[in-house]
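Okay, structure first, notes after.
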Amino acid sequence: EAKSLGKSSYHFYTKALNDATRLRIQMESELAKAIDKQELELVFQPKVNSKSMELVGFEALLRWHNDTLGFVSPANFIPLAEQSNLILKIGSWVIEQAAEFVSQQNKKVPVSINLSAKQFESGKVTSELKAIIEQYGIKPSLLEVEITESSLMTDVEDAIRQLYSIQALGVGISIDDFGTGYSSLAYIKRFPVETLKIDRSFIKDIPDDESDMEITAAIIAMSQKLGLEVIAEGAETQAQVDYLAQNGCYLIQGYFYSKPLSAADAHAWQPNKEQN
Ligand code: C2E
Ligand code: MG
Ligand code: MG
Ligand code: MG
């Protein structure tokens, strides 16, 4: 009796595993073809200064729509792309598309792209950025890179060298998802970064979660002491924007102002001055 139960649960287990593995393999093989099949798109989320109500930049975010898999979230396919090194090809595509967007916009605000640790480890990202900037004839300061703390920690000395070479190009550098990673403040001081992006997890429960509010205020104060820009990710409400402003953070990226937009919509987008 116990034996047959064990056997059927074993079959159940391997079947579930096989389904997950099959889906992963299918996703990976579809993702490998996604660029050529033109299934990838960059969308652009506005960054706004809540005090002046000016557009100050955009973040470029990847979208993937596949005929059989439907819409797949970057939270699912980016890790897969990282495991399979496809992220290198996809990452190059992102850099080029962002440069094209910059070359087509008349607003002259910077556009940030997300870099994965793998791109960093490849050691080629500086030369790619340089080549694309030249090819599109754009101002380097209109491109920025967003890097998470954790992705800099594999080889800190090498990361610092690469960040300095990216900075030397004139490309801006932000630390993404700040507060969720594993770096120490000692490192932040050594990285040539201009901006800290406060992670959405600290913003989303303002004004209900007192400790999130304290952490957010502390990150803002620390940024100011270190002479860094600070921007809050994921602000959705007036109360959140107000709390951030009261604590000296005016740069906001979040649904309160806009969701990510297609390139065409982003080119036409303007802040609504009445939201001030
Ligand atoms: P991220 O870089 O931290 O990007 C911010 C995420 O927060 C985006 O999710 C954005 O749509 C979402 N967001 C912004 N404001 C709000 C808000 O008010 N409310 C809510 N609920 N969400 C908000 P998305 O586009 O799904 O991207 C998720 C993550 O995938 C990104 O987090 C980034 O880590 C990664 N990713 C996206 N595009 C790329 C890319 O081109 N390359 C790499 N390496 N990673 C990317
Ligand atoms: Mg980002
Ligand atoms: Mg982030
Ligand atoms: Mg994130």
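Contact map, region 162-181: first residue open to solvent by 20 Å² or more (accessible area, probe 1.4 Å) and of a type in the set (A, V, I, L, M), second residue in a helix (DSSP H, G or I) and more than 12 Å from ligand 2 (Cβ to nearest atom), Cβ cut-off under 9 Å, separation 6 or more or different chains; pairs are Ala168/Thr126; Leu169/Thr126; Leu169/Leu129; Leu169/Lys130; Leu169/Ile133; Leu169/Pro140. Residue count for region 1-43, restricted to those that are open to solvent by 70 Å² or more (accessible area, probe 1.4 Å), modelled with pLDDT of 70 or more and not β-branched (Val, Ile, Thr): 12.
Suppose the filter is closer than 29 Å to Ser258 by Cα, in contact (Cβ under 8 Å) with a residue 12 or more places away in the chain and crowded, with 17+ Cβ neighbours inside 10 Å; does Val109 pass it?
For Val109, the condition - closer than 29 Å to Ser258 by Cα, in contact (Cβ under 8 Å) with a residue 12 or more places away in the chain and crowded, with 17+ Cβ neighbours inside 10 Å - is not met.
Just one of the listed residues (Gly234, Gly248) is within 21 Å of the chain's Cα centre (by Cα) and within 23 Å of Asp205 (Cβ to Cβ), namely Gly234.
How many of the residues in region 132-169 are part of a helix (DSSP H, G or I) and more than 18 Å from Lys47 (Cβ to Cβ)? Lay out the reasoning, then the answer.
Filtering region 132-169 for residues part of a helix (DSSP H, G or I) gives 132-136, 140-142, 150-152, 156-169.
From what's left, more than 18 Å from Lys47 (Cβ to Cβ): 132-136, 140, 150-152, 156-169.
Residues flagged as part of a helix (DSSP H, G or I) and more than 18 Å from Lys47 (Cβ to Cβ) within region 132-169 amount to 23.
The residue of region 121-143 that is modelled with the highest pLDDT, among those that are within 13 Å of ligand 1 (Cβ to nearest atom) and open to solvent by 40 Å² or more (accessible area, probe 1.4 Å), is Ser122. When residues in region 172-192 are screened for being outside any helix (DSSP H, G or I), more than 15 Å from the chain's Cα centre (by Cα) and not small (Gly, Ala, Ser), 3 of them pass.
The rows are residues; the columns are (1) of a type in the set (Ser, Thr, Tyr); (2) out of contact with any helix residue (DSSP H, G or I) (no Cβ under 6 Å at 6 or more places or on another chain); (3) under 23 Å from Ala232 (Cβ atoms).
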| position | (1), (2), (3) |
| --- | --- |
| Tyr136 | yes, no, no |
| Gln167 | no, yes, no |
| Thr180 | yes, yes, yes |
| Ala186 | no, yes, no |
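Number of residues in region 223-260 that are more than 16 Å from ligand 3 (Cβ to nearest atom), open to solvent by 30 Å² or more (accessible area, probe 1.4 Å) and touching a strand residue (DSSP E or B) at 6+ places or on another chain (Cβ under 8 Å): the value is 2. Does Arg200 satisfy the criteria of being open to solvent by 40 Å² or more (accessible area, probe 1.4 Å), within 16 Å of ligand 1 (Cβ to nearest atom) and farther than 15 Å from Ile113 by Cα? For Arg200, the condition - open to solvent by 40 Å² or more (accessible area, probe 1.4 Å), within 16 Å of ligand 1 (Cβ to nearest atom) and farther than 15 Å from Ile113 by Cα - is met.
Within region 165-173, not a single residue is in contact with a Lys or Arg (Cβ under 9 Å, 6 or more places away or on another chain), of a type in the set (A, V, I, L, M), within 16 Å of ligand 3 (Cβ to nearest atom) and closer than 25 Å to Lys139 by Cα.
The values are calculated or read from the model by the stated rules, or taken from the named source; none is laboratory data. Quick caveat, the model's predicted, so the values are computed rather than measured. In this analysis, Cβ positions are derived from the backbone assuming ideal geometry, glycine residues included, and neighbour counts consider all displayed protein chains. Accessible surface areas use protein heavy atoms only, side chains included; no ligands, DNA or RNA. Shrake-Rupley method; radii C 1.70, N 1.55, O 1.52, S 1.80 Å.
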